[in-house]
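S.K.: One structure, as C-alpha cells, below. Some questions next.
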Amino acid sequence: MSEHESCAIPSMAVRELLTDEGAEPLNLVLVSGAGGLDNVINRPRIQKPGLALAGFLEYIHPGRIQILGKSEYTFLEERASAERSRILAQLCRQGGSCFILTSGLEPPAELIEETEHHDVPLLRTDLSSSATIDALTRYLEERLAPRVVLHGVLLDVYGLGVLLFGDSGVGKSECALDPAVRGHRLVSDDVVEIKRRAGMLVGTGPELTRYHMELRGVGIVNVKDLFGVAAVRLTKFVEYVIRLDPWRAGKRYD
C-alpha cells in the first residue's frame, strides 16, 4: 500500500437507505421508482422542495434527497390532477436522488406514476419531517464524510490521538507496541481510515483487522486479548502526527 491512498468523493446509492444498518432508525420503505435505486446520493444536505413545487427550480441540486412533508403534501392536494402531474414530472427531471414522504402520508397517485416513469425512488417513513431531517442529516454526515486511508498506526496516548506513519518496515508497529504495554490504547495498526467530521479528523481501523497488530519476527497479535479491553478503542480524533524515518548516519533529525 502506498503511504497515502486517497478515496473518491464519498457517495452512496439510494438502495443503501433500505439496507444499511445505520439507516434503520428512519424506518424507510420503498413505495415506487425501484428502477432508480442505484441513483447516487453525494450530498449530506437534504432539501424540502417547497418553492420548486411552485415552479422555482433554480436551487434544486442533483444528488440530494428531497423531503415531502405535510406542507408539500397539502400544496399538491389542492391542485387538480393534471396540474399535480405536471409539477411532479418537472420536479422528477431535476436530478434529485429520491423523494422521502414523511408522517406516513399516502402518496398521491400522480406522485407514484411520475416517480415510476422517471425512475426516481419514492420512500416513505412514519417519522415527522423534523425527525426525519434530523436523523437523515446525522446519518448522511457520517456516511458521506470525506475520508482518506493511510498506511500507519493510530494510538491514544494520554488521551491524545497520535498518528504514526512512514515507509513500510520503518518500525511503526514496534513503536506502537511499547505504549500499549505501558497502558495506552491502540486504535488501528497498518491501515487507518480518517474521516473529516465537523472540521475534525476522526480515525478508525478496518473491522477485519480491528485490535490486531503485526510485528516483524513475531506475527499477528491481538492487543485486546493480550492487554485487555482498556488497551484498545474504536475511534480517536487525530491530534498529533509523527513521521518515522530510517536512521541515517550524518542526517540531522528534528
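S.K.: Criterion first (touching a Pro at 6+ places or on another chain (Cβ under 8 Å) and either open to solvent by 70 Å² or more (accessible area, probe 1.4 Å) or part of a strand (DSSP E or B) (or both)) does residue 155 satisfy it?
M.R.: yes
S.K.: Among the residues of the stretch 139-160, is there at least one that is β-branched (Val, Ile, Thr) and farther than 30 Å from residue 184 by Cβ?
M.R.: Among the residues of the stretch 139-160, not one is β-branched (Val, Ile, Thr) and farther than 30 Å from residue 184 by Cβ, which makes the answer no.
S.K.: Can you name every residue in the stretch 171-219 that is surrounded by fewer than 12 Cβ atoms within 10 Å (Cβ to Cβ) and part of a strand (DSSP E or B)?
M.R.: 200, 219
S.K.: Modelled with pLDDT under 95 and under 30 Å from residue 189 (Cβ atoms): which single residue out of 97, 2, 71 fits that description?
M.R.: From the options 97, 2, 71, the qualifying one is 2.
S.K.: So how many residues does the stretch 158-170 have that are open to solvent by 50 Å² or more (accessible area, probe 1.4 Å) and either in contact with a Gly (Cβ under 6 Å, 6 or more places away or on another chain) or among the hydroxyl-bearing types (Ser, Thr, Tyr) (or both)?
M.R.: Residues in the stretch 158-170 being open to solvent by 50 Å² or more (accessible area, probe 1.4 Å) and either in contact with a Gly (Cβ under 6 Å, 6 or more places away or on another chain) or among the hydroxyl-bearing types (Ser, Thr, Tyr) (or both): 2 in total.
S.K.: Within the set of pairs 6+ apart or on separate chains, which have a first residue in the stretch 85-114 that is without any contact (Cβ under 8 Å) to a residue 60 or more places away in the chain, a second that is acidic (Asp, Glu), and C-beta atoms under 6 Å apart?
M.R.: Here the result reads 85/110; 88/110; 88/114; 89/114; 92/114; 104/126, each pair linking the stretch 85-114 to a residue that is acidic (Asp, Glu).
S.K.: Here's a check for you: in the stretch 220-254, which residue that is part of a strand (DSSP E or B), open to solvent by 30 Å² or more (accessible area, probe 1.4 Å) and not polar (S, T, N, Q) is farthest from residue 162 (Cα to Cα)?
M.R.: The extreme case among them is 220.
Every residue, every condition in (1) touching an Asp or Glu at 6+ places or on another chain (Cβ under 9 Å); (2) among the small types (Gly, Ala, Ser); (3) under 28 Å from residue 21 (Cβ atoms), yes or no:
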residue	(1), (2), (3)
39	yes, no, yes
72	no, no, no
97	no, yes, yes
103	yes, yes, yes
122	yes, no, yes
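The values are calculated or read from the model by the stated rules, or taken from the named source; none is laboratory data. Note that this is a predicted model, so its numbers are computed, not measured. Glycine also receives a Cβ, built like all others from the backbone with ideal geometry; neighbour counts cover every protein chain displayed. Side chains included, ligands, DNA and RNA excluded: accessible areas come from the protein's heavy atoms. Shrake-Rupley method; radii C 1.70, N 1.55, O 1.52, S 1.80 Å.
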